[in-house]
Amino acid sequence: MQQAPARAFNRLVTLGWNRAARLYNTPILQRLAYRPPQDEIIAQLALNRAQRIVDVGCGTGILAARIAADLTPEAVYGCDVSAGMLQQAISRSDRVEWRRRRAEDLGFPDAAVDAVVSTHAFHFFDHQAALAEFHRILVPGGLLAIVLNNPSSRFARAFQPTPIQGLAYFPPPSEMRALVEAAGFTITEQRPVQRHPIPPTLVPDVVTVARRD
Ligand SMILES: C[S@@+](CC[C@H](N)C(=O)[O-])C[C@H]1O[C@@H](n2cnc3c(N)ncnc32)[C@H](O)[C@@H]1O
């Protein structure tokens with residue numbers, strides 16, 4: 001069977017996340033780093049009244065479980081390659097359908113979902129293959145919302161040293177726009193995630209929101 005392309009070393013990345021799964025839920029890490037982007041995504045989904053939602057690179061499932069609990073949509077799917085992360089996710093919510101899938105090959109039928117969201121995981125994906133897959137599974141007009149670090153900030157660069165560049169790549173906001181548009185989406189919004197009182201220079205993540213053409 002032909003396989004969708006994957007970012008180089010993605011198996012290694014998965015191994016790392018299998019090991020990191022337990023530490024990942026630490027309240028301080030979640031509050032400072034991961035909760036604010038999740039708030040942004042929940043707001044976008046609420047605004048768009050999305051009913052069938054996929055969280056790609058869902059990790060330990062905090063966002064997908066929140067979506068299911070707060071918005072009570074028809075269906076929420078949490079997809080991730082790491083069995084270790086999904087193990088944590090499964091015990092978090094039985095209202096989410098958890099799937100061990102790669103972003104580049106999510107396994108849904110064409111035009112099956114209203115929204116695809118992803119927080120702090122897109123840098124691990126093969127960008128073009130993943131965006132093509134998101135486009136395929138979304139209904140026309142469907143919502144795409146992706147949060148990832150802006151590599152132009154000095155702080156973010158510290159986490160992306162040259163020797164491990166193959167493991168992950170953070171497209172800067174302008175490159176992200178170009179990638180998303182080239183995949184058949186129209187950008188509706190792109191701005192830094194708000195994290196009061198922490199300045200955006202410290203955790204410089206950006207949310208990119210688009211509609212499938
Ligand atoms: C930093 S965690 C983010 C988890 C979650 N989205 C959050 O914000 O808390 C990155 C996740 O991406 C997953 N991942 C890496 N490469 C992937 C791929 N190609 N397809 C799906 N998930 C992937 C990892 O297993 C890991 O769980």
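No lab work stands behind these numbers, since they all come straight from the coordinates. Note that this is a predicted model, so its numbers are computed, not measured. Please note: Cβ atoms are built from the backbone with ideal geometry, for glycine as well, and neighbour counts cover all protein chains shown.
Remark: the chain is approximated by an ellipsoid whose semi-axes, taken from the C-alpha gyration tensor as √(5λ), come to 22, 20, 19 Å, largest first.
Between residue 152 and residue 12, what length comes free when the chain is fully extended (0.36 nm per residue of separation minus the Cα-Cα distance, one decimal in nm)?
On the way: separation 140, 0.36 × 140 = 50.40 nm, distance 2.54 nm.
Net length gain for the segment: 47.9 nm.
Neighbour counts of C-beta atoms inside 10 Å place 122, 9 in the sequence 9, 122, starting with the fewest.
Cβ crowding within 10 Å ranks 196, 135 as 196, 135, fewest other Cβ atoms first.
If the label point is 7 Å along Cα→Cβ of residue 132, which residues in region 60-104 have backbone nitrogen under 13 Å from it? The answer is 104. Sorting 102, 19 by the number of Cβ atoms found within 10 Å of their own Cβ, with the fewest placed first, yields 19, 102.
Among the trypsin sites (Lys or Arg not before Pro) in region 41-78, those placed in a DSSP loop whose Cβ has at most 11 other Cβ atoms within 10 Å are 49. Across the chain, the mean sequence separation of Cα contacts (distance under 8 Å, 6 or more residues apart), normalised by length, yields a relative contact order of 21 percent. For residue 188, the amide hydrogen comes within under 5 Å of the amide hydrogens of 209, 210, 211, counting only partners 5 or more places away or on other chains and with H modelled in the peptide plane.
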